[in-house]
Amino acid sequence: MKLLKLLFVLSIFVSCAAEDDSDSYAIEQIFSDNLEKTIKVDIIYVQPSGVSGKSSYNLNENDFIANLNGSFFHRYGIGLEKGDVKTLNSDELYDLKDNRGRESSVFLQETQDYYREDRINIFVMKRSNTIAIAGIGKDKRALITDEFLFTSTAPHEIGHALGLHHYPEEGNIMSQIRPYLRTDFTSVQIDRLKKTLEKIEEEK
Ligand SMILES: [Zn+2]
């Protein structure tokens, strides 16, 4: 019973609804050579058993990382660097439609032995294989559905993966309202992110 309750609480906090984040937005791209903190980002494609490699995922990983840096992170002195590109075979995670309401716990469970502590691990899955989830983020791991990779859902889930909670103000990346307006982190959030990155660096 306790475990069920815990899983329920976990699932409230880590999964983020798909509300309206498909609208396009224009954020000025800002790149910097003067970064205070950098971290590696592995990109892991979720596949059903027996399928290897990227197959039908149509993502340019370099563009994805560059967009995150230019739109959301470099302006705060944080740089993401592309790490490894891998595949995770998991039938449970590949099709989350069967796990409605348990998405976060399935995600954490299925990736438990397959993420690296010294970096951000971004798991990419098909939006069409979920019902209402845009992404999930927790404990250095983010699950981002393929249709939301180039929206504010990506920095939002990375924020969760690095310890940030939801924040009620419209326009904040960690807000749950009007995702298409999300552009900024607060200075308190940036400090928190940098502290988490420092901790990851120390634990290496
Ligand atoms: Zn969220």
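The values are calculated or read from the model by the stated rules, or taken from the named source; none is laboratory data. Everything numeric here is computed off the predicted structure, so don't read it as measured data. Quick reminder, even Gly has a Cβ in these numbers, built from the backbone with ideal geometry, and neighbours come from all protein chains shown. Remember, those area values only see protein heavy atoms, side chains included, never the ligands or the DNA or RNA. Shrake-Rupley method; radii C 1.70, N 1.55, O 1.52, S 1.80 Å.
Can you compute the modelled spin-label distance between Glu170 and Ser49, with each label point 7 Å from Cα toward Cβ, in nm?
4.9
Between Ile173 and residues 5 or more places away or on another chain, which pairs have amide H atoms under 5 Å apart, with H built 1.01 Å from N, and which residues are they?
Thr183, Asp184, Phe185
5 Å is the cut-off here: which amide hydrogens, built 1.01 Å from N in the peptide plane, fall below it relative to Lys86, excluding neighbours closer than 5 in sequence?
Under 5 Å from the amide H of Lys86: Ile43, Ile44, Tyr45.
Of the beta bridges DSSP finds with both residues in the range 30-203, what % are antiparallel, to the nearest 5? Intermediate results must be reported in sequence, preceding the final value.
Values: 4 of 25 bridges.
Within the range 30-203, antiparallel bridges account for around 15 percent of the total.
Magnitude of the Cβ-charge dipole of the range 84-204, K/R +1 and D/E -1, about the Cα centre, nearest 20 debye?
Working: 18 positive and 22 negative charges, 40 e Å.
It comes to approximately 200 debye.
Got the relative contact order for the chain handy, in percent, Cα pairs under 8 Å and 6 or more residues apart? Before the final figure, lay out each step's value.
Details: 380 pairs, mean separation 49.4, N = 204.
Across the chain, relative contact order equals 24 percent.
From the P(r) of the chain, could you give the percentage of C-alpha pairs in the tail past 22 Å?
Beyond 22 Å sits 45 percent of the P(r) for the chain.
Along the range 44-53, what does the Karplus equation 6.51 cos²θ - 1.76 cosθ + 1.60 (θ = phi - 60°) give for ³J(HN,Hα), rounded to whole Hz, x for Gly and Pro?
Rounded to whole hertz, the list is 10, 7, 7, 10, x, 4, x, 9, 10, x.
Around Gly79, which amide H atoms from residues at least 5 apart in sequence, or from another chain, sit under 5 Å from its own amide H, with H modelled in the peptide plane?
Here the answer is Lys37, Thr38, Ile39, since their amide H atoms fall under 5 Å of that of Gly79.
Helix 2-14 versus the longest principal axis of the chain: what is the Cα-based angle in degrees, 0 to 90, to the nearest 10?
Taking Cα atoms only, the helix is inclined about 40 degrees.
Would you rank Thr196, Thr153, Thr38 by solvent-accessible area, highest first, keeping every protein chain in place and using a 1.4 Å probe? Kindly include the intermediate steps, with their values, before the conclusion.
Values: Thr196 30, Thr153 5, Thr38 65 Å².
Highest to lowest solvent-accessible surface, that is Thr38, Thr196, Thr153.
Quick one: Karplus J couplings for the range 56-61, per residue in order, coefficients 6.51, -1.76, 1.60, θ = phi - 60°, nearest Hz, x for Gly and Pro?
Those phi angles translate into 7, 6, 10, 10, 8, 4 Hz.
With angles folded into 0 to 90 degrees, how steeply does helix 187-203 sit against the dominant principal axis of the chain? Use alpha carbons for both and round to 10.
Here the helix axis deviates by roughly 70 degrees.
Sort the following peptides by mean Cβ neighbour count (other Cβ atoms within 10 Å, averaged over residues), highest first: 84-94, 116-126, 27-37, 133-143.
On the way: 84-94: 16.3, 116-126: 20.4, 27-37: 12.3, 133-143: 25.5.
Per-residue Cβ counts within 10 Å, averaged per peptide and sorted highest first, yield 133-143, 116-126, 84-94, 27-37.
Would the range 86-204 count as rounded, prolate or oblate if I go by the C-alpha gyration tensor, calling it rounded below 1.5 in a/c and otherwise prolate when a/b exceeds b/c, oblate otherwise? Write down the numbers at each step before the final one.
On the way: a/c = 2.23, a/b = 1.20, b/c = 1.86.
Verdict is oblate for the range 86-204.
State the extension gain, in nm to one decimal, for the chain segment bounded by Ala66 and Phe31, taking 0.36 nm per residue of separation less the distance between their alpha-carbons.
Length gained, Ala66 through Phe31: 11.7 nm.
What does the helix-only formula give at 222 nm for the chain: each DSSP H stretch with n ≥ 4 adding -39500 (n - 2.57), the total divided by the residues, and the result rounded to the nearest 500 deg cm²/dmol?
On the way: 6 runs with 60 residues, N = 204.
One gets -8500 deg cm²/dmol as the mean residue ellipticity at 222 nm.
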